[in-house]
1. Hey, what's the range 11-172 come to in accessible area per residue, 1.4 Å probe, Å²?
2. Using modelled amide H (1.01 Å from N, peptide plane; none on Pro or chain starts), what sits under 5 Å from the amide H of Thr319, excluding residues fewer than 5 places away?
3. In degrees between 0 and 90, to the nearest 10, how far off the longest principal axis of the chain does helix 11-22 point, with axes built from Cα atoms?
4. Per residue, how large is the accessible surface of the range 214-358? Use a 1.4 angstrom probe and give square angstrom.
5. With charges only on Cβ, +1 for K and R and -1 for D and E, what is the dipole size of the range 11-172 about its Cα centre, in debye, rounded to 20?
6. Within 14 Å, Cβ to Cβ, of Leu217, how many net charges do the neighbouring residues add up to if Lys/Arg are +1 and Asp/Glu are -1?
7. Under the classification rounded if a/c is under 1.5, otherwise prolate if a/b is larger than b/c and oblate if not, where does the range 11-172 fall, given a ≥ b ≥ c as square roots of the Cα gyration tensor eigenvalues?
8. Considering only protein heavy atoms and a 1.4 Å probe, what is the carbon-and-sulfur percentage of the accessible area of the range 39-90?
Amino acid sequence: MSAVRTLSPPAADEARRQTALDAYGVVDTVPEQAYDDIVRLAVTLCDVPAAAISLIDHERQWFKAQIGLNTRETPRAEAICDQAIRNPGTTLVIDDLAQSGLPASSLRIDGDPLRFYAGVPLLSPDGQPLGAVCVLDSKPRTLTQGQREGLEVLARQTQHLLELRRYAMEQRRLLSEREAFAQRLEDAHADLQRRNALLQHSATHDALTGLLNRAALAQLRDNPDAMRQLQQSPYTLMLLDVDHFKDVNDRHGHLLGDRALRAVADAVAASIRERDIAVRYGGEEFLILLPDTRLASAVQVAERIRNRIALAPLPFSLTVSIGLASGEPTRDWSEQVFDRADQALYRAKATGRNRVVVDDTPLHHG
Ligand SMILES: Nc1nc2c(ncn2[C@@H]2O[C@H](COP(=O)(O)OP(=O)(O)OP(=O)(O)O)[C@@H](O)[C@H]2O)c(=O)[nH]1
């Protein structure tokens, strides 16, 4: 046996070559009919017992397809295909390996060592050698010109198969990138909607009590559903003001004052229906609009609120004054009814606070 010829390529080239091979994602994949057909054709064409499509991967050669061999991979150091790819444009034919000085291969054909090798390098489109399509025999032999050319055709067909594979992989990658991008877009859209909803909520709600704020009340006029409801049936407007709230703040501090305001809001929210509208109208003033509600029912609601506030779990007693006025559906509903409720509230304050006072102004019709 002659000395081993070592022809290691420069490291930078080898890194490029390996990167080119990796781009196909073909090494260690399952056998495929198209590649198996090529080695079958090679065997028939060259009248040999063995053929392979060999890929040179790091420190081994791996067979994508093979016929007549005893393994699917060998160490690279003994791969004759690794010699073939050193001259990428040339078919390597070794009539008798025993005379060639190449390292002995562990490959066997029917138990016999290799004697004959012919391999056509497989190249990436930019010329990086990937492996070889090779035919092998356990006897020394030669190839005819026709067989050589036929083997080269099979190598070109193998390259086409590899390119198709890379193209399909690239398409899948682009598709999943597009899907990931679409998903990100969808997430961003949902996030924007969430932020918008939060923004809309904080623009129309009072941060301390969670009730609607004055801006939301102003928007009510632009809400056709709410307006239709108010214009269809009698409604009642309630104005609620906490009694001596300045004293609460002065005696117990602003934090407890805030807690008292939240207790008022909770009592209001717990006493009204879902379609009623509760607004923190000013510092310690609340406006409650009760659609489809006549004065008598509204008084009951107001008393419920007043009683709940009296029972609120606070370290001091808290009372409220409430003024009520109801309105028949008219075009200038708000100002008139608001003024009447305000006057009722004023009377509630003036007559001793902690009470519900009803507007007694005769209603204007027509
Ligand atoms: N803690 C707290 N106090 C507030 C808030 N908004 C307004 N106030 C206070 O509410 C008090 C309202 O006082 P006034 O308008 O004099 O009325 P009042 O003391 O309740 O007296 P009457 O309404 O006549 O019974 C003021 O001291 C405000 O500083 C708030 O968000 N938190």
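The values are calculated or read from the model by the stated rules, or taken from the named source; none is laboratory data. This structure is a prediction, so every number in the text was calculated from the model and none was measured. Glycine gets a Cβ as well: all are built from the backbone with ideal geometry, and neighbour counts include every protein chain shown. Protein only, heavy atoms only, side chains kept; ligands, DNA and RNA dropped before computing areas. Shrake-Rupley method; radii C 1.70, N 1.55, O 1.52, S 1.80 Å.
1. On the way: 7350 Å² over 162 residues.
Per-residue accessible area for the range 11-172 comes out at 45 Å².
2. Those qualifying (amide H under 5 Å, at least 5 residues apart or on another chain) are Asp243.
3. For helix 11-22, the angle is close to 70 degrees.
4. Working: 7290 Å² over 145 residues.
Counting only protein heavy atoms, the per-residue value for the range 214-358 is 50 Å².
5. Working: 17 positive and 23 negative charges, 13 e Å.
In total the dipole reaches around 60 debye.
6. Numbers: positive: Arg214, Arg221, Arg280; negative: Asp206, Asp222, Asp276, Glu285, Glu335.
Residues close to Leu217 contribute a combined charge of -2.
7. Working: a/c = 1.60, a/b = 1.39, b/c = 1.15.
The shape class here is prolate.
8. C and S atoms contribute 52 percent here.
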